Ligand code: PSV
Ligand code: MN
Ligand code: MN
């Protein structure tokens with residue numbers, strides 16, 4: 001039996017109060033799409049299958065390098081985090097899994113953790129290791145690197161942590177390990193680029209060797225931060241080199257905030273699909289750097305263009321194409337649950353819009369060099385308001401027509417604030 005933290009009657013009452021309007025809007029959208037030879041019910045069935053994982057670390061309030069302003073009722077531990085993720089899933093119905101981060105989410109009994117997740121109807125997605133910060137009582141420091149550290153002892157400690165993550169992942173039903181390291185240098189001359197990369201490969205080979213047969217290893221690149229001069233796995237080029245040299249199970253994960261401003265991320269996606277090395281995504285949005293803003297809040301067209309590549313790859317049956325979708329955001333000034341629900345729906349929206357691209361027409365315009373009509377074809381899909389479609393999918397699945405409104409009406413945040421003590425102000429973040 002699934003535990004529900006938002007009263008199902010509240011969700012049903014709200015859905016009932018808007019159902020006539022949603023039905024009418026859905027019918028109207030169906031008529032519009034029928035004129036474009038799209039059957040809305042077929043589209044609905046396709047979009048209803050879409051899922052994106054929630055990061056366990058995303059339900060807490062984040063911060064910046066300068067300060068963190070705690071939110072009300074923040075989760076105290078991974079059990080609280082899962083409860084918040086359960087609320088998200090209860091309302092949006094497209095976030096059935098959680099991506100945990102270790103050692104932040106470490107517990108003594110993983111069977112219990114798995115059962116706790118299942119009680120909210122949740123499973124676990126990729127496990128994330130953390131060798132980018134030191135933990136209490138950790139013998140050796142990662143100040144000057146982890147998997148690429150010049151000292152073999154530090155590298156061994158970082159490898160051992162990743163092996164432990166795999167062991168935990170096996171117990172909670174994960175099928176992938178995501179490795180992001182902050183290793184790099186802050187000054188020219190600080191590190192030897194080639195030797196550092198070779199150490200990265202050597203450490204990762206040991207981790208790769210411990211992967212169960214049905215697991216994948218996701219290598220996440222990031223241009224800068226915390227290393228401000230040079231990062232070891234700074235872009236998809238280094239990531240692809242590493243993935244190709246490690247083996248079939250190693251793939252490249254694309255975090256949308258990990259590129260230079262204006263980078264053509266959708267083209268990187270196309271290249272990784274070609275190389276059969278696309279692991280999946282950490283969705284978020286950014287204006288400047290790794291801002292970790294809500295997905296699609298700054299550049300929704302970019303997110304749509306990423307999905308345009310993904311839908312194209314799926315429809316053309318690109319080999320070894322099975323990307324994992326995860327959110328990776330930090331919420332400093334909003335309620336994390338509201339931001340994560342909004343982002344999950346935004347990502348789902350872009351998927352639906354990308355499914356609306358008339359690909360036969362697009363190919364024709366591309367082949368005849370009709371540039372304007374090719375661009376218009378994408379814009380026609382992007383400009384389609386699929387809100388009634390998404391509402392209908394949620395209502396039919398027992399979710400909320402308007403997740404944020406229903407969440408606010410439930411008083412959930414005030415309820416947890418009463419039992420979860422407020423954290424004091426602090427500086428710095430993860
Ligand atoms: C690094 O910036 C990152 O995107 C990685 O995915 C980390 O695991 C995550 O953020 C959490 O800090
Ligand atoms: Mn990330
Ligand atoms: Mn990041």
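The values are calculated or read from the model by the stated rules, or taken from the named source; none is laboratory data. Here the structure is a predicted model, which means the values were calculated and not measured. No Cβ is skipped: glycine too gets one built from the backbone with ideal geometry, and neighbour counts run over all protein chains shown.
Look at the stretch 316-332: where a residue is free of Cβ contacts under 8 Å to residues at least 12 places away in the same chain and within 15 Å of residue 275 (Cβ to Cβ) and a partner is in a strand (DSSP E or B) and within 13 Å of ligand 1 (Cβ to nearest atom), sitting 6+ places away or on another chain with Cβ atoms under 9 Å, you get 322/280. Is it the case, given these coordinates, that residue 283 is within 16 Å of ligand 2 (Cβ to nearest atom), crowded, with 19+ Cβ neighbours inside 10 Å and in contact (Cβ under 8 Å) with a residue 40 or more places away in the chain? When the stated conditions are applied, residue 283 passes them.
Suppose we filter the stretch 228-255 for residues that are closer than 15 Å to residue 218 by Cα, within 15 Å of ligand 1 (Cβ to nearest atom) and not in a strand (DSSP E or B); how many remain? Can you show your working first?
The initial filter retains those residues of the stretch 228-255 that are closer than 15 Å to residue 218 by Cα, namely 233-255.
Pick out the ones that are also within 15 Å of ligand 1 (Cβ to nearest atom) and you get 233-236, 239, 251-255.
Right, trim to not in a strand (DSSP E or B) and you get 233-236, 239.
The total comes to 5.
Of all residues in the stretch 268-304, those satisfying the criterion of being within 12 Å of ligand 3 (Cβ to nearest atom), out of contact with any strand residue (DSSP E or B) (no Cβ under 7 Å at 6 or more places or on another chain) and under 28 Å from residue 249 (Cα atoms) are 290, 292. Can you run down the residue pairs with Cβ atoms below 8 Å, 6 or more apart or on separate chains, where the first is in the stretch 224-242 and more than 16 Å from residue 198 (Cβ to Cβ) and the partner is surrounded by 18 or more Cβ atoms within 10 Å (Cβ to Cβ) and at pLDDT below 95? Final answer for the pair search is none. Scanning the stretch 262-295 for residues that are within 14 Å of ligand 1 (Cβ to nearest atom), in contact with a helix residue (DSSP H, G or I) (Cβ under 6 Å, 6 or more places away or on another chain) and under 25 Å from residue 215 (Cα atoms) yields a total of 1.
Looking across the stretch 384-398, the residues that are closer than 16 Å to residue 11 by Cβ and either without any contact (Cβ under 8 Å) to a residue 60 or more places away in the chain or in a helix (DSSP H, G or I) (or both) come down to 390, 391, 392, 393, 394, 395, 396. Taken over the stretch 348-383, the criterion of being farther than 23 Å from residue 49 by Cβ and not in a helix (DSSP H, G or I) is satisfied by 368, 369, 370, 383.
Within the stretch 255-266, residues that are at pLDDT 95 or above have Cβ atoms under 6 Å from residues that are away from ligand 2 (no atom under 16 Å from the Cβ) in these pairs: 266/305; 266/309, counting only partners at least 6 apart in sequence or on another chain.
Among the residues making up the stretch 326-347, those that are under 23 Å from residue 174 (Cβ atoms) and assigned to a strand (DSSP E or B) are 326, 327. Residues considered: 417, 401, 423. Of these, the only one that is surrounded by 12 or more Cβ atoms within 10 Å (Cβ to Cβ), in contact (Cβ under 8 Å) with a residue 24 or more places away in the chain and in contact with a strand residue (DSSP E or B) (Cβ under 9 Å, 6 or more places away or on another chain) is 423. Taking (1) within 22 Å of the chain's Cα centre (by Cα); (2) within 20 Å of residue 161 (Cβ to Cβ) in turn, residue 200 satisfies each apart from (1).
The C-beta contact set for the stretch 201-221 (first residue within 13 Å of residue 158 (Cβ to Cβ), second residue within 16 Å of ligand 1 (Cβ to nearest atom) and at pLDDT 95 or above, distance under 6 angstrom, 6+ apart or interchain) comprises 203/147; 207/162.
Would you say residue 307 is buried (at least 22 other Cβ atoms within 10 Å of the Cβ) and assigned to a helix (DSSP H, G or I)?
Working: buried (at least 22 other Cβ atoms within 10 Å of the Cβ): yes; assigned to a helix (DSSP H, G or I): yes.
Against the criterion (buried (at least 22 other Cβ atoms within 10 Å of the Cβ) and assigned to a helix (DSSP H, G or I)), residue 307 qualifies.
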